[in-house]
Amino acid sequence: MKTSKVEIIVSVLINIVLPYLIYTILKTHITSIIALSLAACVPLVDTLYHLIKDKKLDTFSSFILSGIVLSIVAAWIGGDERFILLRESYVTGIMGLVFLLSLLTPKPLIYYFAMRFISNKSVMTKRWEEEVSFRHFIQIMAAVWGIGLMIEALVKVIIVYEYPISKALVISPIAQYIIISILIYWNIRFVKQRKEKAFLF
């Protein structure tokens, strides 16, 4: 299945990179809540665009937008310094749980993510319906990402409550980047191995 690399890059920029940059730049000048709210406008516009274009709600954009909305809610809740440091981890943990719970539905959440970037969507739909091994492939990815995101949240909770605030500020993001990098690396290798097996057999 061929994917549009340009579409993937554009989607990641719009839904992940731009909101992060907007929030990072604005939070030094305005409150975190307002900065998050403005950052949420970017994936919201993308979601509305795909809603108008495809006449249906786009799962990928909606998922990213939901994460930002949860972050805004967490920001409103407030709390002590340690709780504030963990706001993103709570959101990450919830997202991981959503991935795992989606395994109980007819199609895991990650299936819809893949559909966003597949040029020939009918092929993927057919393979899902006819190939048990392909369904297992998608389900394994959903499970690993769900567990990985929950582990990332748990690790950050341990760091924040076991180390002084000054050290936690440094260690926490490093741990986050390491875990996410491992997940991305695993995903790339897993997909590559799947393609090699499909080629061989």
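For the pairs Lys156/Lys192; Lys27/Lys121; Lys27/Lys156; Lys126/Lys192; Lys107/Lys192; Lys121/Lys195, flag any whose C-alpha to C-alpha distance is greater than 28 Å.
Going by Cα-Cα distance, Lys156/Lys192; Lys27/Lys121 fall outside the 28 Å limit.
Based on the Cβ-Cβ distance from Val144 to Thr24, what FRET efficiency comes out when R0 is 41 Å, to the nearest 0.05?
Step by step, r from the Cβ atoms, then E = 0.90.
Net charge near Ile138, counting Lys/Arg +1 and Asp/Glu -1 over other residues with Cβ under 11 Å of its Cβ?
Counting the neighbours of Ile138, the net charge comes to +3.
Here, each number is a calculation from the coordinates, and none is a lab measurement. These numbers were taken from a predicted model, which means no experiment stands behind them. Backbone-built Cβ (ideal geometry, glycine too); neighbour counts: all protein chains shown.
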